[in-house]
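Each reported figure results from applying straightforward, stated rules to the coordinates on display, with no laboratory input. Because the structure is a prediction, the values reported are computed rather than measured. Cβ placement follows ideal geometry from the backbone for every residue including glycine, while neighbour counts extend to all protein chains displayed.
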Amino acid sequence: MKRTLAFIFAFGTAVGLCLPASPLYGAETRASVPGIASVSEDQSISNIQPGIQPVSMTSAVPAEEPIAVRKDAPEARIEIRDETMMQELNKQAKEVEKAKTKALDDAVRLQVEALREERAREMPYLDRIYIRTSITPLKVQQKDEFLNSGPKNLKDLIVRAKSVHTQAKAAHENISLYNRRVLLAFRKLFPEASINFNNRKGQLSGSPFTGDDWHITLRQPIFNGGILWNTFLQEKASLEAAKKQFDKTLSELVFDLSRAYFEYQRALQTADEHQVLVDKMKRFAEMSDEKFKENLISEIEHLNVQSLYSQMNFDLESANQELEIARLEMQRYLDLSVNDQVQLSKIYNLDDVVENQASSVTGAAGASKTPPDVFKGEEKSPELSKLVDLSYKNRPELQVEAAKLQAQRLGERIRWGEFLPKAYLTYQFGALGEAYYGSGVDSIYASATPGSVTSYTDEPRLKKEWQLMLELNWNVAGNKVSYTFSRDKKAPSITQYLYGDGTQLRKNALNVGILDGLDAFVNVKQAEVDKLNQVVELEKAEKQVLQDVKQAYYDYQKATIQVNSTVKRFEYRKRLRDFAEYRLSKKEVELSEYLQAESDLTREKAELHKALKDYFSAKASLNHAVGIQDFLNLGTPKEPQSQA
């Protein structure tokens, strides 16, 4: 009863505290606040300002704790739903990516099979295994990535050529070969060790027997006439020669690819110039036909125009032919097929070259005898003496021949080492056990007392044995002399007479051959001849390097002058063309004269492209001559423009 009264009292108190809150809140809400609607006693809404949406009473009531708890549950469900959707989306994305990868792999596989079949059809005598190893999905993907990676400059082509050049791969594998040969020569400087185990069963004088033995042999060359050490040094020199040969192969690859690249640039821009000219002159050729039909021009003038236009088409066809040949030459270094198209970056702009030459002549006013630079901001070529010094330090050809000469000198030492004495120390230790098996046989391996008749096990007891041997060999004036000292202790063996205690032996042996070592004289003389031949090769390489440096230096100077001269002729032809075009607009000249001026200007452009090709090729030759790939920049100081 008391609990009931207390509960009623608490309930009444709580109700009394809650009742005054409603009138107070109602009074506050009845105040006129801008932007908030007031509610009258009849529940009508008043004092609504324009542009303000009415707010309901339920939304204005502050949220209490139970309401907040109810709002958390939908948010939790939304978070769970979002997480589930994200997992489903990730799963779908993975499935889509997996499907794309599978489709790409299938497409590459079909492409590889088609290429292999085409290769087998082109060369049916080629080995199938070689075709499969030379055409793989990885190589096809790498080629597709290279072709679809946008316009490329010379550096991109060099990276591609280095990765697919077969001769460079062979040179790299040659380095791996000499690394192993160096390791082998180094191993021979240390003791040789061998372990052997033997187990045998048989019959001796009608009695069955069994035997086991094991031995460890150590052999150390004490002195070998310097042959082992010189062989190790010779292999190291050959390794250095292989490394420099690899550098030489890459240098020649870069040089050949650079020349093919510049020739392709020349042929491409020349073909574009001729194509633009033919398209431009087509209208005038048709105009000449119409005028001739209307008897407005003479037959001679008409034939002259047609002859000039036909010559333009012939020049265009010749330029396209040169372009195809240049493309084939460049693709040969990139491992591309005939139908593969490569997008290249334009290495120069003809207008910039002409503008730079004109500004240089204007600024110098003809006072200097040195020709102006082809491009602004381009580095100067050093003096010839400095180029020669750089070639001696960096040309891989000289380093290859020098390393080969060092190997030949060491080979001669090896041959002379055959006349020096050689000493080897051999030590062998192990154990041997042999015994009859069966019954009724007397043996020292019996488990009972000697003389008793008993059975024996199939595994006899092993007893230690050892051997120490010293070998001396010497080629004395073509006569091979050998001396051997050995001391050994043998374990008991049933094949020996009175074998119970084993044997101990000390042996001295001397062997003298008569003129059986004359081949050493032949080998020495052959080594001397090989060394002299290598000296000749080194001298040839040195002369060739000096010739390459001087030739490249003077070609670079001539190419610079040639570009300057060709630009002047180009400006002259351009002015003649502009003058002919002006006179044609005034009807002071015939169409043939204007076509002749346009043809001469286009041919002069082709000559300028050829001069620029020779200029860049001369820079590549100079880089190759000094042995530094980036000695002179093969591009231009300005950012290259892209072209198809």
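The Cα atoms of the range 261-302 cover 50, 16, 7 Å along the three principal axes, with the biggest extent listed first.
With a sphere of radius 12 Å drawn around the Cβ of Asn313, what net charge do the other residues whose Cβ falls strictly inside it have (Lys, Arg +1; Asp, Glu -1)? Taking every Cβ under 12 Å from that of Asn313, the sum is -2. Measuring nothing but how far apart in sequence close Cα pairs (under 8 Å, 6+ apart) lie, relative to its length, the range 555-644 scores a relative contact order of 34 percent.
Legend: Rg and Dmax of the range 159-198, from Cα coordinates, 17.9, 58 Å.
Over all other residues within a Cβ to Cβ distance under 13 Å of Ile131, the charged ones net out to +1, with Lys and Arg as +1 and Asp and Glu as -1.
Derived value for the range 534-644: Kirkwood hydrodynamic radius 17.1 Å. Basis is the mean of 1/r over every pair of different alpha-carbon atoms. Between the range 144-192 and the range 281-359, the C-alpha centres lie 42 angstrom from each other. In terms of overall dimensions, the C-alpha atoms belonging to the range 533-579 reach 67, 12, 5 Å along their principal axes, ordered largest to smallest.
Here Lys100 is the anchor, and the lysines within straight C-alpha reach of less than 26 Å, apart from those fewer than 8 places off in the same chain, are Lys91, Lys139, Lys143. Per-residue Karplus couplings for the range 268-285, computed as 6.51 cos²θ - 1.76 cosθ + 1.60 with θ equal to phi - 60°, are listed in order as 5, 6, 5, 4, 5, 4, 5, 5, 4, 5, 5, 5, 6, 7, 4, 5, 6, 5 Hz, Gly and Pro entered as x.
With the Kirkwood sum run over all distinct C-alpha pairs, the range 70-227 has a hydrodynamic radius of 24.9 Å.
What is the ratio of the Cα radius of gyration of the range 198-310 to 2.2 N^0.38 Å, with N the residue count, to two decimals?
That works out to 3.25 for the range 198-310.
Starting from the Cα of Lys574, draw a straight line to each of the lysines and keep only those under 22 Å, dropping any in the same chain fewer than 8 residues away. Leaving aside lysines fewer than 8 places away in the same chain, those within reach of Lys574 are Lys280, Lys282, Lys586, Lys587, Lys605, Lys610, Lys613. Note on the range 471-592: Rg/Rh from C-alpha atoms, Kirkwood Rh, equals 1.77. Placing dummy labels 7 Å off each Cα toward the beta-carbon, the span from Ser194 to Lys540 is 4.4 nm. For the peptides 465-478, 549-562, 176-189, residues were scored by their other Cβ atoms within 10 Å and the scores averaged per peptide; the highest-first order is 549-562, 465-478, 176-189.
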